[in-house]
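Here is the structure we will look at.
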Amino acid sequence: MPPLESTASAVGKSSSLREELSALKIDRTKRRPTSWAARMLWLLVGLAVLAAAAGAGYWALHDRLFPMPVVKTSLARIMTVGQAQAQLTATGYLESRWQAAVGAKVPGRISSIPVEEGTKVKAGDVLAELEHSDLDAALASRKVAVELAEAQLAEARFNVTQAGRNLKREQELMQRNAGTTQSLEQAETALSVAQATEQARVAGLEAAKSSVVEAEEAIRNMFIFAPFDGTVVTKDAEQGESIMPGGMGASSGRGSVITLAKLDELEVDTDVKEDYLGQLRKGQPTQVIVDAVPNHRYNGRLREIIPMGDRTRGIVKVKVTILDPDERLFPELSATVLFLPDAPDDVSDEDSANQSLQKGVFVPVAALGGADDQRYVWLVEQDRVRKLAVAVDGEPHEGLIAVKGKLSGGERVVVDPPPGLKDGEQVKQAE
């Protein structure tokens, strides 16, 4: 057991240590003096805030007092004169005015197809051949029958000649009273029989020849001929397949072997709304744009307005003939038809068509400023406008007019520019 005095001494030291630790505190009531650099920093920050607020207030007030002009814009577009003059636009598909799915008159199996897609053929050329070995054998047999009938006819004619001689001899004997009536009657009968036999042989020969013609026609039906000059656009069957007139599938046989079309007589099959029918007439000039040939325009003419409407869709079918087709066009290509106004009396159809194909830069008429030879447009470049001099090229059509100058197409021009617009002025584009 430790002595009592030692314990009391330890307790006293512990109390003294706590008192010393409690005395170690930071006096926060006294503020440390701020340095000169810190004061300058705070001053600059305050001035910057005041300047920003003043600037924001100035520009807010400036925008209210001097707002930027708000302008409407449109693109300068490259197009043909025909596109600008178009009274009506319709879409459709190319088709050949002369197109046929050619098949055989009789069922059979294809033995050969001597043409391919794209082959140009003349009327009467063979497009396909069906198997006909059985018909060939029948034809050979019928030709032999014709030879037999000819031999029988020759025999019958000889018999008629001989019977005639016998009759003449009996008649001479009767005139000399050397013959008998019975002999004369027998000679007459023999001649009549020979003549009847000859007639039968003639009919038999004609029947045999007709049988040959029938067999030859049956063999001819085994060949499929081109009904008109054209181009093979599709092969609907292949060698070895069976075809059936009117067949619609594999179960009943193919219905056609070749699809033939005249590619030099193409037209556009398109639909026009009933509301616009009054703007169309037969013979009206058109311009045809084919999606597959985007950089070329074809001349066309409205050939026919089909006299039958579609009341469920409110449309009328229209046929437009392409006047200058080339090898790049073929059926089922999509196309757009621009229906143009009639050419003036002093301008030929050819000149009008050539003019409609000319390209130019077109801007809205409302974008033109100035008068006479001092015409100009306002270009929007980023957020500022620039005045650009242009020259008018032609008459306006449907709110557009062709211009010449430094416009290349694709620029944004101001439409209905506000008064007082200045070159280089900052503007805001209307949304």
Just wondering, is there one or more residues in region 134-142 that are free of Cβ contacts under 8 Å to residues at least 12 places away in the same chain, over 30 Å from Ala196 (Cα atoms), assigned by TED's automatic domain parsing to the domain that holds Ala203 and not charged (D, E, K, R)?
yes
Sort out which residues of region 155-195 are buried (at least 16 other Cβ atoms within 10 Å of the Cβ), among the aliphatic types (A, V, I, L, M) and under 20 Å from Leu205 (Cα atoms), and write them in order of number.
Ala156, Val160, Ala194
Among (1) surrounded by fewer than 15 Cβ atoms within 10 Å (Cβ to Cβ); (2) out of contact with any Gly (no Cβ under 7 Å at 6 or more places or on another chain); (3) of a type in the set (Lys, Arg) - the single one Arg412 does not satisfy
(1)
Give me a count of the residues in region 290-310 that are surrounded by fewer than 20 Cβ atoms within 10 Å (Cβ to Cβ), touching a strand residue (DSSP E or B) at 6+ places or on another chain (Cβ under 6 Å) and within 20 Å of Glu327 (Cα to Cα).
2
Taking region 255-271 as the region of interest, how many residues are touching a Leu at 6+ places or on another chain (Cβ under 9 Å), surrounded by fewer than 21 Cβ atoms within 10 Å (Cβ to Cβ) and β-branched (Val, Ile, Thr)?
0
When region 377-409 is examined, which residues are found to be crowded, with 19+ Cβ neighbours inside 10 Å and more than 17 Å from Arg77 (Cβ to Cβ)?
Val385
If you go through region 105-123 one residue at a time, how many are more than 30 Å from the chain's Cα centre (by Cα), of a type in the set (Gly, Ala, Ser) and either in a loop (DSSP other than H, G, I, E, B) or surrounded by fewer than 17 Cβ atoms within 10 Å (Cβ to Cβ) (or both)?
2
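The values are calculated or read from the model by the stated rules, or taken from the named source; none is laboratory data. What you see is a predicted model; the values in this text were computed from it and never measured. Don't worry about glycine lacking a Cβ; one is built from the backbone with ideal geometry, like all the others, and counts go over all protein chains shown.
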